[in-house]
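Let me begin by presenting the structure, written as structure tokens, before commenting on it.
Taken together, the values in this text are just the output of simple stated rules run on the coordinates, not laboratory data. Since the structure is predicted, the reported quantities are computational estimates derived from the model, not experimental observations. Virtual Cβ from ideal backbone geometry, glycine too; neighbours counted across all protein chains shown.
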Amino acid sequence: MKRETGERARELFNSGWYCAESVYRALAEAGGRYEPGMEASASGFCSGTSRTNGLCGAVTGAIMGIGLYAGRTAPLPEQTQDVPYAVVQDFLERFRAEYGSDNCQQLTGCDFTKPEGHRKFDEENIGESCRLLCRFAASAALDALADAGLGPLATIEQEVAPCGLSCGKCLAYGDGEIRRHAAALKEALGDNFASYAERFAGMNPAFAGYEGFRELLEFLSNGSCTGCRGQGCLFGDCTVKACVRERGVSYCFQCDDFPCATHGLPEFLAKRWQENNEQMRDKGVSVYALELRGRHRYP
């Protein structure tokens, strides 16, 4: 995953995004945290903090990406800054050890406050060096997160169930995209939308079914499952979770008896279970996990 994320940052830079935007987005995508438009929050940090010869944008984007996985989610005294500070310090040490500096002007040799600095960047194709900086920054950020037990590299097993399905995309998953989107829609509609839906029903009959929709939205926005390695699969007959634990493996394909007939799954799921594990075996779990994030949970 580290190599793929680094290459993704480089690819994004090639496609027209700048340094901070590219690294931030690549790290967000690696953990399934990307939302369209989130690059905008990194735009001002590109080109040495908006062409002021400040901190390298690849570094800034990496720090922002680290925040997605190590940043605080509660104020003092419930959470301190110790964890994010430690991870960022680790990342900065890695970056400076590799390049000797984290300053844009020192890394590129260009003074972006002056027109000649812009010309030098274009004429000497210094953008290629920035692409490499983006690749390294994204990879180093993942390493720093992983060493702290955080980030995409540390959460693959939480996301990918032993059967190969994505817990993170399940409608019941507490930190999943379905729950987050449902909660956001519920908040956007507000508590009083039912009375408006009654009036809107005269214009569009679909609003007549709002009560049923609100009940479903309430359910989806309250997902609380912690994944198959936590409280267990909602499909009660599944024996995969208990079996992998007893066999001392993380995924079924790692067991000498795979494929077997002791999974407890119905035929349609058993087929997916075997295909998923064969893909993990052939491609590697990290590559499979990246591909899984791009698929629909309910094809």
- [ ] Note down the net charge around Ala194, summing +1 for each Lys or Arg and -1 for each Asp or Glu among other residues with Cβ under 14 Å from its Cβ.
- [x] -2
Task: Prolate/oblate/rounded label for the stretch 12-163 (Cα gyration tensor, a/c 1.5) - done: prolate
Open item on the list: As a test of the formula, what do you get for the chain when each DSSP H run with n ≥ 4 contributes -39,500 (n - 2.57) and the sum is divided by the residue count, at 222 nm and rounded to the nearest 500 deg cm²/dmol?
Closed with: -17500 deg cm²/dmol
Task: Cross-link partners of Lys169 among lysines (Cα-Cα below 20 Å; sequence separation of 8 or more within a chain) - done: Lys186, Lys241, Lys271
- [ ] Check each of the GluC sites (Glu not before Pro) in the stretch 76-114 and keep only those in coil by DSSP with at most 16 other C-beta atoms within 10 angstrom; list them in order.
- [x] Glu78
- [ ] Determine one quarter of the surface area of the Cα convex hull of the stretch 129-237, which equals its mean projected area, and express it in nm² to one decimal.
- [x] 11.3
Task: Between helix 19-30 and the chain: long-axis angle, C-alpha atoms, 0 to 90°, nearest 10 - done: 20
Task: Total formal charge among the other residues, if their Cβ is under 12 angstrom from that of Cys170, Lys/Arg +1 and Asp/Glu -1 - done: 0
Task: Listed candidates (1) 37; (2) 34; (3) 30 - label of the one calculated as percent of Cα pairs over 34 Å apart - done: (1)
Task: Folded to 0 to 90 degrees: helix 177-189 orientation relative to the chain principal axis, Cα - done: 90
Open item on the list: Counting each pair of different Cα atoms once, what's the Kirkwood radius of the stretch 174-224 in Å, rounded to one decimal?
Closed with: 11.4
